[in-house]
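Novice: One structure is given below, represented as structure tokens, and several questions about it will come after.
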Amino acid sequence: MQSELVPIQPITSVTDILLTLEAVFLIYLIVSKAKKANIFDASLKLWVGGYGCIVMFAILGAISHFLSDGFLVAIFWPPTMIFGGLSFVCVVSALIFHVKPDNNKLLLLLPIFMVIIYVIIAIIYEWKFIIWVGLLGICSILIYFMGFLLYKKDHPISKNILLGNTIILLSGIFQFVGGMFFYPEDQEGIFLNPEGTAIFRPQNDGFHIIAGIGLYVFYLGIRNAFFREKTS
């Protein structure tokens, strides 16, 4: 049985690779600073885990967007969705440690429950991208809530969390809503060649670029919270 051919997204693959390189670089900065300051607590591990999930999310996305075989795309897409969801759940988990460093085991059941429900719903609805968008929205609400709690405590990470979350949320809105205005009629993008084998989807590329800014803002908050005084 011949697999369905789908148009590749070369520009989206490039922006995915750029997002991968950014996340790898930020992991390097965090780990190197943590070693220098001799600190690596649970929240910091979760931040590194979150960026690590971004690496997998973006690199798998780059592969998926550059495949023309629909069968192979279907194989790579579910793990892409899983790592994409885990990245934001790691941020929520890290913030739980910032808000309540001790006696937080019950609170940590929340992100575990979110992952289980996310995977079940994604399987039922065949890994539709809208499921990931929904998880992004829920995580964004939780991040705002904990960000404001930290802001009231004058926590050094709070402002960057609120700003970074806003930027990433705007990137998701751009991808979900803004993309509709780029579509010529019912076409899901702009074809780059007459054969229709390569397509440009600016909503995806804009999402990657804007989200990358938000991820860097998060890193600035991590640096302020863990390393500003300890490495000076």
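Novice: Please find, in a Gaussian network model of the chain (springs between Cα atoms separated by less than 10 Å), the residue of Ile112, Ile75, Ile17 whose mean-square fluctuation is greatest.
Specialist: Comparing Ile112, Ile75, Ile17 in a Gaussian network model of the chain, the most mobile one is Ile75.
Novice: Hey, what angle do you get for helix 202-226 against the long axis of the chain, alpha-carbon based, 0 to 90 degrees rounded to 10?
Specialist: 10 degrees
Novice: Exactly which trypsin sites (Lys or Arg not before Pro) in region 70-169 are in a DSSP loop and have at most 14 other Cβ atoms within 10 Å? Working shown, then result.
Specialist: Details: sites: Lys105, Lys128, Lys152, Lys153, Lys159; in loops: Lys128, Lys153.
Those satisfying the criteria are Lys128, Lys153.
Novice: Applying 1/(1 + (r/R0)^6) with R0 = 25 Å to the Cβ-Cβ distance of Ala74 and Ile120, what FRET efficiency is obtained, to the nearest 0.05? Mind dumping the intermediate values first?
Specialist: Details: r = 19 Å, r/R0 = 0.75.
The pair Ala74/Ile120 has a calculated efficiency of 0.85.
Novice: Can you give the relative contact order of the chain as a percent, counting alpha carbon pairs under 8 Å and 6+ residues apart? Can you show the working numbers first?
Specialist: Values: 307 pairs, mean separation 56.9, N = 232.
Value for the chain: 25 percent.
Novice: Charges at C-beta only: +1 for Lys and Arg, -1 for Asp and Glu. How large is the resulting dipole of region 78-232 about its Cα centre, in Debye rounded to 20? Provide the component values of the computation, followed by the final result.
Specialist: Values: 10 positive and 9 negative charges, 188 e Å.
My answer is approximately 900 debye.
Novice: Rounded to the nearest 500, what is the chain's calculated 222 nm mean residue ellipticity when only DSSP H runs of at least 4 contribute -39500 (n - 2.57) each, over all residues?
Specialist: Result for the chain, helices only: -26000 deg cm²/dmol.
Novice: May I ask for the Kirkwood hydrodynamic radius of region 1-151, worked out over all distinct Cα pairs and given in angstroms to one decimal?
Specialist: Hydrodynamic radius (Kirkwood, Cα only) of region 1-151 equals 16.7 Å.
Novice: Additional query: Using a Gaussian network for the chain with springs between C-alpha atoms less than 10 Å apart, which of these wobbles most: Pro79, Pro194, Pro101?
Specialist: Pro194
Novice: Let me ask something else about it. Calculate what fraction, in whole %, of the accessible area of the chain sits on carbon and sulfur atoms when a 1.4 Å probe is rolled over the protein chains. Display every interim value, and only then the final one.
Specialist: Details: 8730 of 12360 Å².
About 71 percent, which is the carbon plus sulfur part of the accessible surface.
Novice: Under a 5 Å amide H to amide H cut-off, with H placed in plane at 1.01 Å, what residues pair with Phe191 once short-range neighbours are removed?
Specialist: Amide H neighbours of Phe191: Phe200.
Novice: Now for a separate question. Cut-off 10 angstrom, C-alpha nodes, Gaussian network model of the chain. Which of Gly196, Gly164, Gly85 fluctuates the most?
Specialist: Gly196
Novice: At what distance in angstrom do the alpha carbon centres of region 115-132 and region 81-102 lie from each other?
Specialist: Between the Cα centres of region 115-132 and region 81-102 lies a distance of 18 Å.
Novice: Can you compute 3J(HN,Hα) from phi for each residue in region 115-125, using the Karplus curve 6.51 cos²θ - 1.76 cosθ + 1.60 with θ = phi - 60°, rounded to whole Hz and x for Gly and Pro?
Specialist: Result, ordered by residue: 5, 4, 5, 4, 5, 4, 5, 4, 5, 4, 9 Hz.
Novice: Something else about it: Please report Rg over Rh for region 67-162, where both radii come from the alpha carbon positions and Rh follows the Kirkwood definition.
Specialist: Working: Rg = 15.8 Å, Rh = 14.6 Å.
In region 67-162, Rg relative to Rh is 1.08.
The values are calculated or read from the model by the stated rules, or taken from the named source; none is laboratory data. The structure displayed is predicted, hence computed values, not measured ones. Positions of Cβ are backbone-derived with ideal geometry, glycine not excepted, and every protein chain shown enters the neighbour counts. Accessible surface areas use protein heavy atoms only, side chains included; no ligands, DNA or RNA. Shrake-Rupley method; radii C 1.70, N 1.55, O 1.52, S 1.80 Å.
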